[in-house]
Amino acid sequence: MAGKFISLEGVEGAGKSTQVSFIHDCLKSLGKTVVVTREPGGTELSEKIRNLLLEPSPIAMANDTELLLMFASRAEHISQVINPALHRGDWVLCDRFHDATYAYQGGGRGIQRQRIQQIADWTLRGLIPDLTLLFDLPVELGLKRVIERQGTTDRFEREKVDFFKKIRKSYLQSAKAEPNRIKIVDASLSITEIQKQLTQLLKPLI
């Protein structure tokens, strides 16, 4: 039996990482073998690229460089982790995937969607998540959570509020364009309420 591919998306502080364990446990309780991974990252090389992307620096990174590094990490990730797992029949649970690139580098950085699509077509080769859970909440609330949970911030988290508002807008546009795949989770609610939403959204896939 072929495996399923689930991605989690959302702006900073949306609580994706908190719910990964919950989703993993739900799937495992149903007898699924689940591979949990993340982007950027997921392999030894991709994690090194992640460090380059997230580490704060006084020297600004060119937008095109950021975009290409994201896809370089993703290409390695797909080759070494995601595709092998799906071919084994495992389920893959990934904290961010290609939708994040359209949101962050497209919406946030202003790179044209067509340019991103060209690289995506080459890199993904038709690989698209079976289900994408979009954790949505007001940007200000998400950034407040980021500040409260940690003392340091990465290169993206140091961006201005307007940057994240553009990202959220882009995510919501993607959800509107692909309602069958991208399901919105109200991440402003309590953890219990969020998990109730997730349970319902996972049912059709299982």
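Read the figures in this text as sums done on the coordinates, not as results from a lab. Quick caveat: nothing in here was measured; it's all calculated off a predicted structure. All Cβ positions, glycine included, derive from the backbone under ideal geometry; neighbour counts span all protein chains shown.
In the neighborhood of Ser174, defined by Cβ-to-Cβ distances under 12 Å, what is the net charge if each Lys or Arg adds +1 and each Asp or Glu adds -1?
+2
Taking amide hydrogens as modeled 1.01 Å from N in the peptide plane, which residues meet the under 5 Å criterion relative to Val36, leaving out close sequence neighbours?
Leu93
For a 23 Å ceiling on Cα separation, which of these pairs sit above it: Lys144/Lys165; Lys32/Lys203; Lys32/Lys196; Lys4/Lys48; Lys28/Lys48; Lys160/Lys196?
Lys4/Lys48; Lys28/Lys48; Lys160/Lys196
Roughly how big is the stretch 5-202's charge dipole about its Cα centre, with Cβ charges of +1 (Lys, Arg) and -1 (Asp, Glu), in debye to the nearest 20?
Dipole of the stretch 5-202, to the nearest 20 debye: 280 debye.
Let me check I've understood the local charge: for Asn83, count other residues with C-beta under 12 angstrom from its C-beta, Lys and Arg +1, Asp and Glu -1. What total comes out?
+1
What's the local net charge at Glu39, with K and R +1, D and E -1, over the other residues with C-beta under 13 Å away?
0
For a distance above 31 Å, tell me the whole-number percent of Cα pairs in the stretch 5-202 that qualify.
Above the 31 Å cut-off, the stretch 5-202 has 13 percent of its Cα pairs.
How high is the relative contact order of the stretch 20-124, in percent, counting Cα pairs under 8 Å that sit 6 or more residues apart?
So the answer I get is 33 percent.
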